[in-house]
Amino acid sequence: MENYRISKLRLLEAESIHILREVVATFERPVMLYSVGKDSSVMVRLAQKAFFPGKIPFPLLHVDTGMKFKEMYEFRDCYIQQIGADLRVYIYREALENGANPWDLGTVKCCAFLKTQALLNALKEGRYDAAFGGARRDEEKSRAKERIFSFRDEHGQWDPKNQRPELWGLYNTLVNKGESIRVFPLSNWTELDVWEYIHLERIPVVPMYFAKERDMVVREGRLIPLDGPVPLKENEKPQKILCRFRTLGCYPCTGAVTSSAATVPEIIREIMTVKNSERITRLIDHDQDSSMEQKKKEGYF
Amino acid sequence: MGQKNDAEKLILTRSEDAELLRLATAGSVDDGKSTLIGRLLYEANGLYEDQLASVRQDSGRFKREELDLSLVMDGLKAEREQGITIDVAYRYFSTPKRNFIIADTPGHEQYTRNMATGASTADLAIILIDARHGLLPQSKRHAFIASLLGIRHMVVAVNKMDLVHYSEEIFRKIEKDFTNFSEKLRISDLLYIPISALKGDNVVRRSPNMPWYEGPALLSHLENVHVTSDRNLIDLRLPVQYVLRPNMDFRGYCGRLAGGVIRKGDEILILPSQQRSRVKSLVTYEKEVPYAFTPQSITVTLEDNVDITRGDMLVHPGNLPQIRREIEAILVWMDQKPLQAGRIYWIKHTSQLLKGSVTQLHFKINPEDLGRQKTKDFKLNEIGRVTIQLFRSIFCDEYTKNRETGSFIMIDPVTHATVAAGTLIERGRLPAATKEKKHKTISLHRQEGSIAPKDRERILKQKPATLWLTGLSGSGKSSIAFALEKRLMAEGHLCYVLDGDNVRHGLNKDLGFSPQDRSENIRRVAEVANLFNDAGILVMTAFISPYREDREQAKQIIGEDRFLEIFVDAPVEVCKKRDPKRLYEKAEAGLIPEFTGVNAPYEVPLTSAVHLKTDQEDLNACLQKILDLLRSRGFLKGKD
């Protein structure tokens, strides 16, 4: 007997695939921002599904700060080769050579150079008119207000007070030359949905999401990994801590959470009972009030 | 190890089973909407500690007195500073039963467009009313927009009941006022709930402060409301979104099904070319599938090499949409610049982008009294009826039949702003604001005979009614119905039992047990009962009829004054023990999908005429209760 029930995950999947296809059908030079994290993994799988049996018909773009974790680079190179995608990596060399780093500049300026400006440079260089991002509305309160098709002016800026109304599944894809659209196919997914989908679809993710004993330093109540050359402060001692990463970013600014969840089902169980949102481990979100909104206005995802 | 596998299985089942309900909330400036959503999220653990902490910080900064849950909702800096909501925000929470997406839409008049945006994808709308102020024009506006955008389920949440001493009188007054207004709208499922979002009354749990209220708490209603049958699974509509040609051997047509079911081997008609072909395969990443249904996104290959491009539509040859170059629509104007008749705009409809212009502005509608007014233009947030001339044909349905093929947006050709949302209506048909008789179509007229119901009543010495017995399988519906039939016949009353199993052997043998088929089953039974009643005969029906909405529909068909809902109630454990047809046994073994009480829900009646507890009362007691009801309401008249 035929069954016409559709589960939440399959509904979200159908919506995301519709969005991915709409962009490819209406824009000339789309690109997918690939950040190596779990949301990117899910977004890439959705792109594989949307265009199967063809290949993903647009390049992936990694805006690399040069300060990601080793395990992220290893995973990226291996995974991209395995799925046969076209990956472009952009590093803002000029800024790095001028000494951009969070210790000297502070996190706000460091992000402004290595992430926001780097992203804008990369998009301009590639003359991309639409860029997919893996941001979800449940992550952060200004993202909750953003459209799935988010219009950006010629400088990549977001104007939250002047957004196009978005009705039904009818996306307004019209832009003038120089303007662009940021598209968020995972807008309606939650962190739990992402993990349930990873579980259901057996999607590979960076091993750092799974708990194991790692060399860490405890700083202002946060767990900072000693993955790169993190300068230790006085009285700070490295310790072995059983922990995992809920989100992945740059090693100086990404904290871990103590956890023993070493498999996807264990992570799912942990998230169902957890008390803090995932972005609490991202130092950069807490720099200043409305810091995400500010970054988005300036051109960040 | 075993435990671990169980946990994994549980999680997988949850991921595969959980359903999604989308809702929109609307209220006037201070109705406490953000507080309500904050409360729902807070109580359902949809809020995290760090988000709460930043609210505590903000509450302090903006000098508010107590922890203000509404600050969680207001995402933009300007909103938190001014204490108002500017834009639609989307929020997510889940309970073990369902996942929810809330579109929180601002209530100020100038942001009507946001209400329309939030409502366009919602299954259900919550309209908030401040108990202290009663029904204000704003709420009427919100209800009107919600119904205009095709939301079939509406909850009127009368908030701040704590500030009016939980007064039933005040609640009933608002209920009455709203009902008077909403009768002019097309809302099939309307529920009133008295709440206090601030104190939590009737939000997650039934409140002890309002014992006079007998309905469900808001959250349990949201968990149980039945929405699957809102989808159109009848009319196949596949707008081609993208043509996939990865190599010379493969040509696939991608799209999201806007309606109906497509099967391998189906004969297909392609619009606009009118070519025909057959479905060769339905391709997905995992495997080829035998069928696909709305709202899935799929890729179709066809037997023949035909010319198909984005914007075309695949349909079944016997079931065509309307093919139109001139459309009638209701527009919600969303731009600062007013609509100009004759100006050319972009129009996006399904996967088509084409040009068109408004040739006639018939009238604008005042959302507060639904009155019509002649007009020369539409300004921001105005709503009205237009005729649009298109530069190309579109393939469409009425919005009430299909939300996807019945909707469009208009885009300014210069600024590229989205300036209007439109819903299609039939030519010559009145807009949603005017209530219509469901059964009237142009070619069908009801024949009126010359015998009046009174004549039949006189001869039969009874007034016809339908006793609608609803309850779980094994609760005792059939036993009661047949015993009652015997008793009534013995007393000289003409009556008849429509029994679930018997009807499914004949009249409804083409139907299964999916929610859609269950609904259709109930609809047909209601139509038959209606005819029997017209003939003067008393009818007892014995159907599980688990969905409130279906019973409501039956009531509408049969007529409120002669429809008596009888709740045949027994705990599911008792029914399982009885299990006269060994159905529970089979269902629990996984042999019957969607069996009520095992793996499909039963929605308890809220307003039954009689409530029988068959685990506590014997058959005679049950019969007596029903006979008493029939006598007291004058359905059985004394014999000469």
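Going by neighbour counts of Cβ atoms within 10 Å, the residues B:H493, B:H349 line up, fewest first, as B:H493, B:H349.
Entry note, chain B: relative contact order of 9 percent, from Cα contacts under 8 Å with a spacing of 6+ residues. Shape analysis of segment B:238-315 based on the Cα gyration tensor places the equivalent ellipsoid semi-axes at 16, 15, 12 Å, largest first.
The lysines whose alpha-carbon is closer than 20 Å to the alpha-carbon of B:K454, local same-chain residues fewer than 8 away aside, are B:K463, B:K637, B:K639.
For segment A:121-218, what does the alpha-carbon gyration tensor say about shape, rounded, prolate or oblate, given a ≥ b ≥ c as the root eigenvalues, a/c under 1.5 as rounded, and a/b over b/c as prolate?
Details: a/c = 2.20, a/b = 1.75, b/c = 1.26.
Judged from the Cα gyration tensor, segment A:121-218 comes out prolate (a/c at least 1.5, a/b above b/c).
For the protein assembly as shown, what is the convex hull volume of its Cα atoms per residue in Å³? Intermediate results must be reported in sequence, preceding the final value.
Working: hull volume 175.2 nm³, N = 941.
With only Cα atoms used, the protein assembly as shown gives 186 Å³ per residue.
Cα-based radius of gyration for segment B:476-569, normalised by 2.2 N^0.38 Å, reads 1.05. For segment B:463-480, backbone nitrogen atoms closer than 16 Å to the point 7 Å from B:E585 Cα along Cα-to-C-beta are found at B:474.
Once backbone amide H atoms are built at 1.01 Å from N, B:N319 has no partners under 5 Å, excluding neighbours fewer than 5 places away on the same chain. Label-to-label distance for A:E154 and B:N180 is 5.8 nm, based on points extended 7 Å past Cα in the beta-carbon direction. Taking amide H positions as modeled 1.01 Å from N, with prolines and chain starts lacking one, the residues under 5 Å from B:H362 and 5 or more places away or on another chain are B:R385, B:V386, B:T387. Going by neighbour counts of Cβ atoms within 10 Å, the residues A:W168, A:W103, B:W333, B:W468 line up, fewest first, as A:W103, A:W168, B:W333, B:W468.
Across segment B:592-602, rounded Karplus estimates of 3J(HN,Hα) from the backbone phi angles (6.51 cos²θ - 1.76 cosθ + 1.60, θ = phi - 60°) give 10, x, 6, 9, 4, x, 10, 9, 9, x, 10 Hz, Gly and Pro being marked x.
When B:M161, A:M272 are ordered from fewest to most other Cβ atoms inside 10 Å of their Cβ, what list results? Don't skip to the answer; put the middle values down first.
On the way: B:M161 28, A:M272 14.
So the residues, fewest neighbours to most, are A:M272, B:M161.
Between B:R206 and B:A217, the built amide H atoms are under 5 Å apart, and every one of these is 5 or more places off in sequence or on another chain. For B:K184, the aspartates and glutamates whose Cα comes closer than 16 Å to its Cα, not counting residues fewer than 8 places off in the same chain, are B:E175, B:E368, B:D369, B:E436.
Applying the Karplus relation 6.51 cos²θ - 1.76 cosθ + 1.60 with θ = phi - 60° to segment B:159-165 yields 3J(HN,Hα) values of 9, 6, 4, 4, 7, 10, 6 Hz, where x marks Gly and Pro. Take the Cα of B:L619, step 7 Å toward its Cβ, do the same at B:R324, and the gap between the two points is 5.7 nm.
Bridging of B:K264 to lysines at a Cα separation below 22 Å is possible for A:K49, B:K280, B:K287, once same-chain residues fewer than 8 apart are set aside. Under 18 Å from a label point set 7 Å out along the Cα-to-Cβ vector of B:D30, the amide N atoms of segment B:157-200 belong to B:158-165, B:196-199.
Between B:D304 and B:E288, the modelled labels are 2.0 nm apart [label points 7 Å from Cα along Cα→Cβ]. Across segment A:115-123, computed HN-Hα scalar couplings (Karplus, 6.51 cos²θ - 1.76 cosθ + 1.60, θ = phi - 60°) run 10, 5, 5, 4, 4, 4, 4, 5, 5 Hz from first to last residue, x flagging Gly and Pro.
Each value in this text was obtained by applying a stated rule to the coordinates, not by laboratory testing. The model shown is predicted, which means the values in this text are computed figures rather than measured ones. Cβ sites come from the backbone with ideal geometry, for glycine too, and all protein chains shown count toward neighbours.
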